[in-house]
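*Asks:* One structure is given below, represented as structure tokens, and several questions about it will come after.
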Amino acid sequence: MTKGYGWWPDEITSVGRENLDADHVSRYDVKENAHATEELRLLKELGLNGHSEVVDIGAGTGQFTLAAASACARVIAVDISPVMLAALKAKVSASGLSNVEVVQAGFLTYEHRGRQADFVYSRYALHHLPDFWKAVALQRLRQVVRPGGVLRLWDVVYNFDPSDAEDRLEQWCATGGHEVEGDWSRAELEEHVRDEHSTFTWLLEPMIERSGFEIKDAVYSGGGVFASYIARAV
């Protein structure tokens, strides 16, 4: 999916091999706990209520989407992968929730309609884009959310100096197992480092703020591999 320019990237080609793999998607919820209950509690503390509209971009199998839909007026669940979307739609149908809209799009192609959202949520998705396009994506997200609204962003983001990369990344990859069924394997973590576009905190954070957000909170994992942000649109 592109915007029609020859130079505009087709996000489906960079979504990650595994996210187009039906076997991977079928076991995703076993491998990855999105901590949706805790995330929903946090967003409620930040003002989410029964009148709120949420855009969940890179929604995947919809762990957070379904939790949020139980507590707000509307959730727009956006994902570029048709395989992920099929799993998400099946969950929404089974849940009986009527306030979830599912959209096939990515950071660079999602077109928001109606009033600006109160919250934009994204977990482990932005790293699919190279840094130039991350900056474009973040500016587009700023247009989606109202002034004062919240961007909640999680991702694999490196919080260390490049000189430490070999040691830090090897330590992370060593936490992976041998099997792919129930957890993340070493091979999958290596594939992420090699083929995805995770960046450094000291590159991503200026992008966030230059896009029209003010970072209110940043949490980094002890190993320097994960980061989560709360940012307000200004």
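Since every read-out is calculated from the coordinates, none of them should be taken as a lab result. Quick caveat: nothing in here was measured; it's all calculated off a predicted structure. Quick reminder, even Gly has a Cβ in these numbers, built from the backbone with ideal geometry, and neighbours come from all protein chains shown.
*Asks:* Only helical DSSP H runs with n ≥ 4 go in: add -39500 (n - 2.57) per run for the chain, normalise by residue count and round the 222 nm mean residue ellipticity to 500 deg cm²/dmol.
*Replies:* -10000 deg cm²/dmol, from helical runs alone.
*Asks:* Sort 212-220, 100-108 by the packing proxy (mean of other Cβ within 10 Å over each peptide's residues), most packed first.
*Replies:* Top of the packing list down: 100-108, 212-220.
*Asks:* Rank by packing, highest mean first: peptides 155-164, 123-132, with packing defined as the count of other Cβ atoms within 10 Å averaged across residues.
*Replies:* Result, highest mean first: 123-132, 155-164.
*Asks:* Next question. Can you run phi through the Karplus equation (6.51, -1.76, 1.60; θ = phi - 60°) for segment 148-160 and list ³J(HN,Hα) in whole Hz, with x for Gly and Pro?
*Replies:* Coupling constants for segment 148-160: x, x, 10, 9, 10, 10, 10, 5, 7, 9, 8, 10, 7 Hz.
*Asks:* Ok, one more. What number, in nm² with one decimal, is the all-direction average of the projected area of the convex hull of the alpha-carbon atoms of the chain?
*Replies:* Average of the hull's projected areas for the chain equals 12.4 nm².
*Asks:* Choose one of 73, 93, 52: the residue whose Cα lies farthest towards the positive end of the charge dipole of segment 43-95 (beta-carbon charges +1 Lys, Arg; -1 Asp, Glu; about the Cα centre).
*Replies:* 93
*Asks:* If amide hydrogens are placed 1.01 Å from N in the peptide plane, which non-local residues have theirs closer than 5 Å to the one on residue 117?
*Replies:* 145, 146
*Asks:* Among rounded, prolate and oblate, which fits segment 52-154 when a ≥ b ≥ c are the square roots of the eigenvalues of its C-alpha gyration tensor, a/c under 1.5 means rounded, and a/b larger than b/c means prolate?
*Replies:* Verdict is oblate for segment 52-154.
*Asks:* Kindly state, to the nearest 0.05, the FRET efficiency for residue 97 paired with residue 188, given R0 = 41 Å and r defined as their beta-carbon distance.
*Replies:* 0.85
*Asks:* Which distance in nm do the two modelled labels at residue 164 and residue 210 give, with both placed 7 Å along the Cα-to-Cβ direction?
*Replies:* The modelled label-to-label distance comes out at 2.4 nm.
*Asks:* While we're looking at this one, here's another question. In sequence order, what are the phi-derived ³J(HN,Hα) couplings for segment 163-176 according to the Karplus relation 6.51 cos²θ - 1.76 cosθ + 1.60 with θ = phi - 60°, rounded to whole Hz, with x for glycine and proline?
*Replies:* 5, 9, 4, 4, 5, 5, 6, 5, 4, 5, 4, 5, 6, x
*Asks:* For residue 71 and residue 197, FRET efficiency with R0 = 25 Å and r from the beta-carbon atoms, rounded to 0.05?
*Replies:* Taking R0 as 25 Å, the efficiency between residue 197 and residue 71 is 0.20.
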